[in-house]
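The values are calculated or read from the model by the stated rules, or taken from the named source; none is laboratory data. This structure is a prediction, so every number in the text was calculated from the model and none was measured. No Cβ is skipped: glycine too gets one built from the backbone with ideal geometry, and neighbour counts run over all protein chains shown.
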Amino acid sequence: MAKDYYIARDAYKLEDLAAKKYQFYAQNATNPEVQQLFSQISQVQQKQLKSFNK
């Protein structure tokens, strides 16, 4: 049981980190198309985080 908890916790942390990375990339990209793409990817990651919390 504890093993499952740690796996789930690590998966959550990875999703959170990915969302933050893509948001950072979106904020620092100079090309507007690239900014939009990274922003969209970040939003997908954040939705996955929310569904993970449920």
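Some observations on this one:
- Ile41 falls short of the stated requirement of being exposed (fewer than 11 other Cβ atoms within 10 Å of the Cβ), among the aliphatic types (A, V, I, L, M), out of contact with any Gly (no Cβ under 8 Å at 6 or more places or on another chain) and assigned to a helix (DSSP H, G or I).
- Taking every residue in segment 1-25 that is without any contact (Cβ under 8 Å) to a residue 24 or more places away in the chain and pairing it with any residue that is among the β-branched types (Val, Ile, Thr) and surrounded by 10 or more Cβ atoms within 10 Å (Cβ to Cβ), at least 6 positions away or on another chain, the pairs with Cβ-Cβ distances below 7 Å are Tyr22/Ile41.
- When segment 4-46 is filtered for residues that are at pLDDT 90 or above and basic (Lys, Arg), the ones remaining, listed by number, are Lys13, Lys20, Lys21.
- Filter result for the condition that a residue is of a type in the set (D, E, K, R) and surrounded by 14 or more Cβ atoms within 10 Å (Cβ to Cβ), over Asp10, Asp16: Asp16
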